[in-house]
1. Could you calculate the FRET efficiency of residue 254 with residue 439 from 1/(1 + (r/R0)^6), where r is the beta carbon distance between them and R0 is 41 Å, rounded to 0.05?
2. If neighbour count is taken as other Cβ atoms inside 10 Å, put 505, 186, 104 in order from fewest to most.
3. Describe numerically, in nm with one decimal, the distance between label points set 7 Å from Cα along Cα→Cβ at residue 488 and at residue 171.
4. Given the C-alpha centroids of the stretch 323-351 and the stretch 137-209, what is the distance between them in whole angstrom?
5. How would 178, 263, 368 line up from fewest to most surrounding beta-carbon atoms within 10 angstrom?
6. Return the long-range amide H neighbours of residue 149 (sequence gap of 5 or more, or a different chain), with a cut-off of under 5 Å between placed amide H atoms.
7. With a ≥ b ≥ c taken as the square roots of the eigenvalues of the C-alpha gyration tensor of the chain, please select rounded if a/c is under 1.5 and otherwise prolate if a/b is larger than b/c or oblate if it is not?
8. Neighbouring Cβ atoms within 10 Å as the yardstick, rank 86, 127 fewest first.
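Since every read-out is calculated from the coordinates, none of them should be taken as a lab result. Because the structure is predicted, anything quoted here is derived from the model rather than measured. We place every Cβ from the backbone using ideal geometry, glycine too, and count neighbours over all the protein chains shown.
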Amino acid sequence: MSRPSVSSVTKEQPSPAADPNPRSIFSVARRKVTTKHGWLGDYDYRWLCLPSLPTDKRGQPPFFGIDDELPLVLAMASGLQHALAMLAGLIAPPIIFAASLMLDPETSSYMISASLIGSGILSLVQMSRIKLWNRYYLGTGLLSVVGTSFSTLSTTNAIFNAMYGNGTCPSTTSADGTITRGPCPDAYGMVLGTSLVCSLLEIGMSFIPPRMLKRIFPPMVTGTVILMIGASLVGTSGILNWGGGSNGCQARPTSGIYQLCPTVGSPHALPWGSPQFIGLGFLSFVSIILTELFGSPFLKNASIIVGLAVGCIVAGAAGYIDGSTITTAPAITFLWVYRFKINVYPPAILPMLAVYVSVTMEAIGDITASAEVSRIRLEGDDFDSRIQGGLLSDGIGGFISALFTVTPLSIFAQNNGVISVTRCANRAAGRWCCTFLILFGVLGKISGIFLAIPNPVLGGVTTFLFASVAVSGLRVLSFVKYTRRDRFILAAALSFGIGDLLVPDIFTYLFNGVSNPDSGLQGLFVSINIVLSTPFLISGFVALVLNLLLPEDGSQQEEDEEGSEVMQDLEIQTLDQERKP
């Protein structure tokens, strides 16, 4: 019995022809801003904004396609909703990078602003779908937004650890063995420079046919990678910050500034793991759950921000917030207020190339999911060109974002959930989203507010955020048929990934017996150590190699070809859909 074709359940969204008449365009714009219908339309705003009960059964609002006419208020409201849904995923990486490198509040605040501004600008490019030549495009032409991939976050933390370990970044060791890191902004510049060079890989991969990429990176590989990204971030960042911090105070040293979290001089400083810290993080976590239960559709898609807001209100009232980051933040800022020494760190090249391979896999799934919820056909030259244009825009975005002093910005997935709930896939809403993101970044005080979020509040929220990434990986793996071959590949991959999670320093001493290696060999050793000690890199590499080497089971070889193609499309629709909630 044949499976139904994907094209039978999704329809191509027609795009209206551009009107070349300037007077007609002007009259449409004037009608939009001068009439009640142009501002409000016929949309049921009560459905969008009023709270709900889990037992409520509401009717669905109308669907707005990618180029449909959209009322101004709805476009702005949907754009704000997309921006809020992205916000936690955009501010978490720069906050974690700055904490790992012990950067001062001014630089940290700038990094948050640059991330928001860069995301807004490059998201506009991703939504544009500019025709280059023949069938090649730049951008998806969908409501696609970009942000720092969590695969970049995981790998960059491993690179920073290696830099502190080999003396590239300064650190001191106290009498009781506590290691204190010094500020190292140059390490961030090295990551930016390495990312800039390695972005050429994704640019090249954008011209490989999408179906070939799907065969090279099946759900067995992509699901394993996503699962390990989420699991490793929970252990190395989320849960540590929930307990009070991840800057060294988690070791509870007996001397130095990290005896208390986040430091001994912080307001209301306490030992790591204190019940007050655990309670603050738990309050933020529970707020997310309650918002999902009772919140309006608008709030449900911004539940992470609700959790941060509730936690910060309670933490501020209890005296846990240091307001200096807000007072010292500039009122207005933009890109290049702070600059970093762009350089290439050779040991980081191999891990960063692996990051771009991971970003490519994630982008294919994200574009497919966006097309599906936008009612775009998931087959044919038009759809393939959207994937090609999205990957090319991602690669060029990785190059440009480094010049923007931002780590690689790639396609986010959580806005697909916003589209699905609000039934608004309109690019006008996407442009308003970009406007809000750029505005949040330009208003420097907003970055100062984000930087003032206490570690336990941030940890309670990001633990949920990172765990949802792991769940996305499990969702992708659920499409694997689990023949004996599949079970073998997954077991081999997880042997390394879970081993790295539980014993993170197992490969640290691998090359200690090599005497007097030259600089090139030493750089290669550091690069291999980074790959081996990053759970998603090593497990993804093992899964990829074994998937290419091991022959298919007989039962799989006899599988119906048409059914296999449809399953590939269904699998890729869910690929990393919740990677960056």
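1. Calculated value: 0.30.
2. With the sparsest Cβ surroundings first, the list reads 505, 104, 186.
3. Inter-label distance under the simple model: 4.0 nm.
4. Here the two parts' Cα centres lie 12 Å apart.
5. 263, 178, 368
6. 410
7. oblate
8. On the way: 86 29, 127 23.
Result, fewest neighbours first: 127, 86.
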